[in-house]
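In what follows, a single structure is set out as structure tokens and then discussed.
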Amino acid sequence: MKLFIPLFFLIYPLYFTAQTPAVELIEDKQAKRWTLYAQNNTDIEQEAFLMVKGEGFRRSADRPIIKKIPPHSKVVMIILIPLKGATPTYTKIFTFEEQLQTIKKRKGEGQAERVNLLPVDPEQLTVFIENDCEKCSYLTDYLRNQRIKHRALDIKKNNAVFNLMWKHLKDSVSGRELIKMPVLMHQEKMYFDIIDMEHFIQNFNWEKID
């Protein structure tokens, strides 16, 4: 019995250390605000991606966010303010770069879901969209009506689409931007912060789209 107790306490902390994820989402739900943090439990900087779609909050919560998380630190990803008298709920997508790379290796090269996405023509307009996004619908309707050649990819229908958007966004942002849907990609340039879609359409040079 004397040998069993010390052995148990040696294994106990090792077991829980092994179960700790590299990057985890911490949810702090207070009466007046819900704060979502990304916590990095590793010794290296990580990039975290969060997309929250909620109901019953003061402002829309359906904006993807990419942030850099320093080693052994916790960073606020988003703060949600519940509406009075409402029952706030949300769904989320949370991932980080290391996790995406692991999934990609596990699936292996040549998966059918990625074959249809590659290669990406930099001269072609690629539009990343999602369901229930008014700006996405407004833009794609305009592109179809004006017969502007484009490629619309829904990030919710295919994990490969989500990974593709992540791959290009992480090279275009500093790590603190708030990404708004839709996301446009053309000639290696990303457009991910469109506040007024009508104004954007009126001022964008569509003639350069091949």
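Each value in this text was obtained by applying a stated rule to the coordinates, not by laboratory testing. Since this is a predicted model, take the numbers as computed values, not measurements. Cβ: placed from backbone, ideal geometry, glycine included. Neighbour counts: every protein chain shown.
Could you compute the FRET efficiency for ASP141 and ILE79, with r as their C-beta to C-beta distance and R0 at 35 Å, rounded to 0.05?
My answer for the efficiency is 0.60.
State which entries of LYS149/LYS170; LYS29/LYS84; LYS29/LYS74; LYS32/LYS67; LYS53/LYS180 exceed 20 angstrom in Cα-Cα distance in the structure shown.
Among LYS149/LYS170; LYS29/LYS84; LYS29/LYS74; LYS32/LYS67; LYS53/LYS180, the Cα-Cα distance tops 20 Å for LYS149/LYS170; LYS32/LYS67.
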